[in-house]
Structures are given as C-alpha cells and as structure tokens.
1. Could you give me the residue pairs with C-beta distances under 7 Å whose first residue belongs to the range 44-60 and is free of Cβ contacts under 8 Å to residues at least 40 places away in the same chain, whose second residue is outside any loop (DSSP other than H, G, I, E, B) and surrounded by 15 or more Cβ atoms within 10 Å (Cβ to Cβ) wherever it lies, and which are 6+ apart or on separate chains?
2. Quick check on the range 86-129: of everything there that is polar (S, T, N, Q) and in contact (Cβ under 8 Å) with a residue 12 or more places away in the chain, which residue is nearest to Trp39 (Cα to Cα)?
3. Checking Asn119 against (1) surrounded by 12 or more Cβ atoms within 10 Å (Cβ to Cβ); (2) of a type outside the set (D, E, K, R); (3) within 14 Å of the chain's Cα centre (by Cα), which test does it fail?
Amino acid sequence: MPAGFSFARCFSESVRFGMIEKDSYVHWEGIMVRHIVSWNFRPEVTEEKKKELYAYFAEAFPALVGKIPGVLHAEIATPPLPSSTKDMCLYVEMEKPEDIPVYANHPEHLKVAQVVRANFQDRCATDIVASV
C-alpha cells in the first residue's frame, strides 16, 4: 500500500466527489465503523451512584457484543483522566455504517440507553469510518 494511503480517507473522498452515495457502503478489507459517545453526569447524581453506574455500564455495554448484529466490540472508559471534560466515554466498533441504526434501535441497546438518559446529560457522539 502506498505511504499515506488511508481507506477512511479514500471512502470520504469517494463520497465527497460523488463516486459513491453517502449512505452506501462498499465492503473493503480493513474498514470498520467507530462509534464514540461521551456524557456528563446530571448534577443530582451522587458520588455513590456514579460508582454504581460505572460498574453497571462496564458490564452492560460489552454485553451488547453478540446480541446486536454488526457490533464487534464495546467498552467504556471510566472514570476518565482528570484532564477530561466528560464523565464517561463509550467506544463501539461495528462492521459497517449500516450497523449504526441497527445498533441504535435494537431493544438491548435501548434498555441500556434508558439508564444513560436518566443519569447523564451533554451527550456528544461521533461516528467514523476507520481503517484497521
């Protein structure tokens, strides 16, 4: 492969120049989707409750692997380093962009998301096509 070559950049440029549809997916070896989400706790969540939630999510998100089609890996980073501006970060790897709505609407994900919504605010999410 030439130096500086990136499948992710190739995909982005192909969309940019109209060579493929934005919502389409061309399967290339070495491509995956990374779904990265971070949140802050709601002000009313106590320190004791935060510890309980960290433990819950440390099990709940990885447990989605094998239950939701296309989800290859899931983990949370808790607690974050002091330099962070968010209280919790989720990292999920999926096979292809079409897996994002499958994941988002899957009943197992929705159960965990309900607990997230009850305890967190300030959600930030980024989905990227990345080379591996």
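1. Lys50/Phe41; Ala58/Ile76
2. Once the filter is applied, the top-ranked residue is Gln121.
3. (3)
Let's see how each residue does on (1) of a type in the set (Ser, Thr, Tyr); (2) more than 21 Å from Ala130 (Cα to Cα); (3) part of a loop (DSSP other than H, G, I, E, B); (4) modelled with pLDDT of 95 or more:
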site	(1), (2), (3), (4)
Val15	no, no, no, no
Met19	no, no, yes, no
Ala55	no, yes, no, yes
Glu59	no, yes, no, yes
Leu90	no, no, no, yes
Ile100	no, no, no, yes
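The values are calculated or read from the model by the stated rules, or taken from the named source; none is laboratory data. Everything numeric here is computed off the predicted structure, so don't read it as measured data. So basically every Cβ, Gly included, is an ideal-geometry build from the backbone, and we count neighbours across all protein chains shown.
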